[in-house]
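To start, the structure itself, in structure tokens.
The values are calculated or read from the model by the stated rules, or taken from the named source; none is laboratory data. The structure presented is a predicted model; accordingly, all values stated were derived computationally and were not measured. Please note: Cβ atoms are built from the backbone with ideal geometry, for glycine as well, and neighbour counts cover all protein chains shown. Calculation scope for accessible area: heavy atoms of the full protein, side chains included, ligands and nucleic acids excluded. Shrake-Rupley method; radii C 1.70, N 1.55, O 1.52, S 1.80 Å.
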Amino acid sequence: MVGVKRLSDPDQYPNIPVYQGVSYCDAVRLAGEGQILRVLPSSIQVCQWSPIVLGLKEPQRPFELRLSPKLPFPVPGLLIGPISNFPGQPEVVIIRADFFTLKDLVEEVGKEALWKAHGNRLEISANQLLDGETAQARFITLVNKVLSKLAPFKSWQSLTRTLFRSYLVTAGFEAIIYKTTADMSICRNSTVVPILTKQVNISFFCPGGITWGMNNPSHMTSGWPWEVFANLRR
């Protein structure tokens, strides 16, 4: 479980190291392994989705303006770390687990805590799957299993890092995955949505969450506003 909160200033918590790497989902992976990190506007070197939706970068180009919802720019930075050792109180807690574990947690707090304004769009929320699986859900699971097989290979990691430094490649890929797989699963779906709505959101992992975040394709990610998470038995 990883806690997240917005910083009031990039130099807040000056003794905590600044993440430098490929993506926000990679930073969350490191936080899940025990590290406490600051994610600043200069932190993310490859992913062009997360800096926009997290409010770290001002949207300007067409692709960036289309991304939503997003935190209001500017966000000076984010503090992320394991909930067991988090400095202060987080705004949101990211829980990555299998579907049935997440379902049990939702039943504990009640379905009224779930975000409902997702429009049955699986790229942004899988909350609707609590009422039954769909063909698209099975397809997303299959895609993620394939990506997880590729993720350990250095050549695959190098290729994706090279390709997605390009704005044109990123914008083109976004147009493809928008209707086929999950999208911005950890940055938007598990961080931004619960912060803005104060409601719980469950999501499949997106391609970046599998490739760069190295998440288990049989698991899902979810964002829990602190006010809801605090009601869970832990």
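Pairs of alpha-carbon atoms within less than 8 angstrom and 6+ residues apart define the contacts here; what relative contact order does the chain have, in percent?
Details: 450 pairs, mean separation 62.4, N = 234.
Relative contact order for the chain comes out at 27 percent.
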Provide Phe63, Phe173 ordered by accessible surface of protein heavy atoms (probe 1.4 Å), highest first.
-> Phe173, Phe63
Of the heavy-atom accessible surface of region 22-91 (probe 1.4 angstrom), what whole percent is carbon and sulfur?
-> 51
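If contacts are Cα pairs under 8 angstrom and at least 6 residues apart, what is the relative contact order of region 137-234 in percent?
Working: 116 pairs, mean separation 31.4, N = 98.
Worked out over region 137-234, it gives 32 percent.
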Length gain on complete extension for the stretch Arg66 to Lys179, per 0.36 nm per residue less the alpha carbon to alpha carbon distance?
-> 39.2 nm
Give me the aspartates and glutamates in straight-line cross-link reach of Lys145: C-alpha distance below 16 Å, same-chain residues under 8 apart excluded.
-> Asp98, Asp183
Alpha-carbon Debye profile of the chain, log10 I(q)/I(0) at 0.07, 0.09, 0.15 Å⁻¹ | -0.20, -0.33, -0.98
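Quick check for me: using +1 on Lys/Arg Cβ and -1 on Asp/Glu Cβ, what's the dipole size of region 17-148 about its Cα centre, in debye to the nearest 20?
Working: 13 positive and 13 negative charges, 90 e Å.
The dipole of region 17-148 has a size of about 440 debye.
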Per residue, what accessible area does the chain have, given a 1.4 Å probe and all protein chains present, in Å²?
-> 44
Can you quote the Å³ per residue value for the convex hull of the Cα atoms in region 1-112, rounded to an integer?
-> 129
Expected max-MSF residue from Leu30, Leu56, Leu163 in the GNM of the chain (alpha carbon, under 10 Å) is Leu163
Given the C-alpha centroids of region 137-211 and region 95-131, what is the distance between them in whole angstrom?
-> 18
Options Leu102, Ala135, Ala113, ranked by Cα towards positive dipole end of region 92-182, top entry (Cβ charges) | Ala135
Taking 0.36 nm per residue of separation between Phe153 and Asp104 and subtracting their Cα-Cα distance, the length gained on full extension comes to 14.2 nm
